[in-house]
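Below you'll find the structure I mean.
The values are calculated or read from the model by the stated rules, or taken from the named source; none is laboratory data. Remember, it's a predicted structure, so these values are computed and weren't measured experimentally. A quick note on method: Cβ atoms are made from the backbone with ideal geometry, for glycine too, and the neighbour counts reach across all protein chains shown. SASA here: full protein model, heavy atoms, side chains in, ligands and nucleic acids out. Shrake-Rupley method; radii C 1.70, N 1.55, O 1.52, S 1.80 Å.
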Amino acid sequence: MKTSKWITLSLVFIVLISMLGACSSGNNGSGGNKTEGGQTAGTDKPSAPVKLMMWGGVPPESGPQAVVDAWNKEHPEIQVEYVRFVNDDDGNLKLDTALLTGQNVDLFVNYTLTQTQKRIDAGVALDLSAFTDYNILEKMGSNAEGWQVNGKFYGVPTTRSAFFVALNKDALDAAGLPVPKDWTWEQAREYAKTLKPATGYGMVQHLEPFLDPIDAALTKEGYVKADGTSNLDSPSVKKWLETLGGMMTLDQTTPPLGEQITSKIPVENVFLAGESPMLNIGAWLLRSSNNFTDFPRDFKIAFAPVPRLVENQADYIPRGGLGDYISINAKSSYTKEAWEFLKWYADGGMAPMAAGGRLPASNAADQDEMVANLLGDKGDTYDKESLMYVLFEDETPTHVRELPQEVTDLITQEYEKFFLGNQNADQTTANMVKRHNEYLKQAK
């Protein structure tokens with residue numbers, strides 16, 4: 001009898017636990033069983049709001065926090081929290097680890113197609129084909145096609161992605177140099193010589209777009225020749241090595257790469273302090289150049305396209321187009337809610353991001369408002385004509401970085417040996433080709 005009694009009590013306990021679980025589960029699913037008043041059916045209390053975690057590389061104070069605050073105020077039923085990761089190798093590894101280990105990530109920003117492809121292959125980037133209420137190509141234009149993988153979108157490209165050389169306009173005027181709209185690396189080298197201050201460098205470069213000149217040349221030429229072998233021995237690659245190598249050693253107009261890596265030169269600070277008149281960077285510069293509290297300056301900034309390695313502009317496709325490709329985690333419990341937020345963000349909710357140089361790509365956003373947000377009360381400290389050119393008017397075709405990470409890594413490892421003086425240009429390109437060919441064989 002005692003055994004029977006304990007079995008009965010155990011069954012009752014299991015049933016009670018199951019009932020309690022059923023009562024609480026309505027707040028954990030995507031949408032639950034809600035009435036029109038936002039309450040769960042059969043209860044008198046509103047259901048708990050859905051909480052979305054969005055991971056991005058921009059500091060929260062540079063726009064993302066204002067974006068989520070505005071959304072959260074308007075949408076008490078779906079609350080968003082922003083998590084910042086640094087957009088470098090370590091930061092992207094942190095995001096990838098969070099995605100693969102099931103940590104709280106509902107939306108995340110990809111900054112290159114290479115990163116996106118890896119996340120698609122890992123099954124963590126949601127195929128957006130199931131959502132038919134938002135036409136990405138109609139909203140963003142044909143440049144969005146560069147973000148498609150096998151004809152599908154696994155995210156929404158949300159910003160106009162601009163890379164440029166920022167210039168100290170006052171220094172240019174003093175030297176009698178015009179703001180370039182179309183120039184080569186040889187011309188940029190001469191600018192750096194002319195503008196080089198008594199102490200310091202004529203040009204500094206952010207390391208994120210450092211490889212872009214090779215990528216821009218080989219996007220047109222092809223990384224692989226017609227016979228299926230590597231094209232990393234292209235004259236463009238050697239030209240880039242020797243041009244920058246000359247600037248580092250012969251001209252001393254740009255920092256030696258080894259020095260830049262080991263000392264972690266804060267190139268934005270160097271430029272904004274007036275210590276170098278030229279800076280190769282992207283639009284994220286503006287979140288610092290608009291910040292006169294931390295980066296006071298007394299000169300006007302002008303903008304030029306990134307120089308090309310080849311004479312004919314048509315043979316060179318610079319990086320640009322659209323960026324900040326926001327994906328939904330395929331493993332999220334709240335994909336529908338994440339989609340609602342993402343549409344709102346892309347069509348103008350991201351307005352506070354403009355102050356940091358991130359202009360929306362969607363044609364539904366008010367571009368005049370965004371430019372006003374971009375410049376704020378600092379408009380007279382920029383050469384607006386050149387800024388509008390690099391952001392909107394330059395019609396040169398652009399590409400989205402999509403080189404496999406393994407190839408990027410081998411190129412980087414070999415060019416670092418060159419710039420550190422451990423091998424010459426011919427050895428460097430030969431090593432690149434050898435390693436690339438080995439990769440191509442393995443990838444078949």
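Output the helices (runs of 4 or more DSSP H) that fall wholly within the stretch 328-444 and possess 3 or more residues being among the aliphatic types (A, V, I, L, M), or say none.
Values: elements: 335-344, 367-375, 384-388, 405-419, 425-443.
Ranges flagged: 367-375, 405-419, 425-443.
How many residues does the stretch 329-350 hold that are in contact with an Asp or Glu (Cβ under 7 Å, 6 or more places away or on another chain) and under 22 Å from E138 (Cα atoms)?
So the first thing to find is which residues in the stretch 329-350 are in contact with an Asp or Glu (Cβ under 7 Å, 6 or more places away or on another chain), and the list is 329, 332, 334, 338, 348.
Restricting the remaining residues to those that are under 22 Å from E138 (Cα atoms) gives 338, 348.
Of the residues in that region, 2 qualify.
Which number in (1) of a type in the set (A, V, I, L, M); (2) within 13 Å of V165 (Cα to Cα); (3) touching a Ser or Thr at 6+ places or on another chain (Cβ under 6 Å) marks the one condition that L285 misses?
Here L285 clears every test but (3).
Right, something else. How do the pairs read when you match residues in the stretch 170-191 that are small (G, A, S) with residues anywhere that are open to solvent by 50 Å² or more (accessible area, probe 1.4 Å), using Cβ under 7 Å and keeping only pairs 6 or more apart or on different chains?
Final answer for the pair search is A175/T194.
Suppose we keep only residues that are aromatic (F, W, Y) and under 25 Å from T114 (Cβ atoms) within the stretch 48-97. Which one would you say is surrounded by the most Cβ atoms within 10 Å (Cβ to Cβ)? Can you show your working first?
Of the residues in the stretch 48-97, the ones aromatic (F, W, Y) are 55, 71, 82, 85.
Now restrict to residues that are under 25 Å from T114 (Cβ atoms): 55, 82, 85.
On the way: W55: 23, Y82: 20, F85: 20.
My answer is W55.
Follow-up question, since we're still on this one. Among the residues of the stretch 373-390, which ones are open to solvent by less than 50 Å² (accessible area, probe 1.4 Å) and either assigned by TED's automatic domain parsing to the domain that holds A144 or at pLDDT 90 or above (or both)?
Looking only at the stretch 373-390, we keep the residues that are open to solvent by less than 50 Å² (accessible area, probe 1.4 Å), and these are 374-375, 378-379, 381-383, 386-387, 389-390.
Scanning the stretch 373-390 gives K378, G379, T381, Y382, D383, S386, L387, Y389, V390.
Those residues that are more than 29 Å from M388 (Cα to Cα) and either over 19 Å from the mean Cα position of the chain (by Cα) or open to solvent by 20 Å² or more (accessible area, probe 1.4 Å) (or both), I need them from the stretch 299-340; list them, please.
The answer is A330, K331, S332, S333, Y334, T335, K336, E337, A338, W339, E340.
Among the helices (runs of 4 or more DSSP H) lying completely within the stretch 253-324, list those that include at least 3 residues that are among the hydrophobic types (A, V, I, L, M, F, W, C). Spell out how you get there, then give the answer.
Working: elements: 257-263, 267-272, 285-289.
Hits in the stretch 253-324: 267-272.
Any idea which of A430, A443 is among the aliphatic types (A, V, I, L, M) and at pLDDT 90 or above? Don't jump to the end; show me each part of the working.
Working: A443 fails: at pLDDT 90 or above.
Of A430, A443, the one residue that is among the aliphatic types (A, V, I, L, M) and at pLDDT 90 or above is A430.
Give just the number: which of (1) surrounded by fewer than 17 Cβ atoms within 10 Å (Cβ to Cβ); (2) under 28 Å from S129 (Cα atoms); (3) not aromatic (F, W, Y) does G349 not satisfy?
Going through the list (1) surrounded by fewer than 17 Cβ atoms within 10 Å (Cβ to Cβ); (2) under 28 Å from S129 (Cα atoms); (3) not aromatic (F, W, Y), G349 breaks only (1).
Looking at G357, is it among the small types (G, A, S) and surrounded by fewer than 14 Cβ atoms within 10 Å (Cβ to Cβ)? Outline the logic, then answer.
Details: among the small types (G, A, S): yes; surrounded by fewer than 14 Cβ atoms within 10 Å (Cβ to Cβ): no.
No: the conditions fail for G357.
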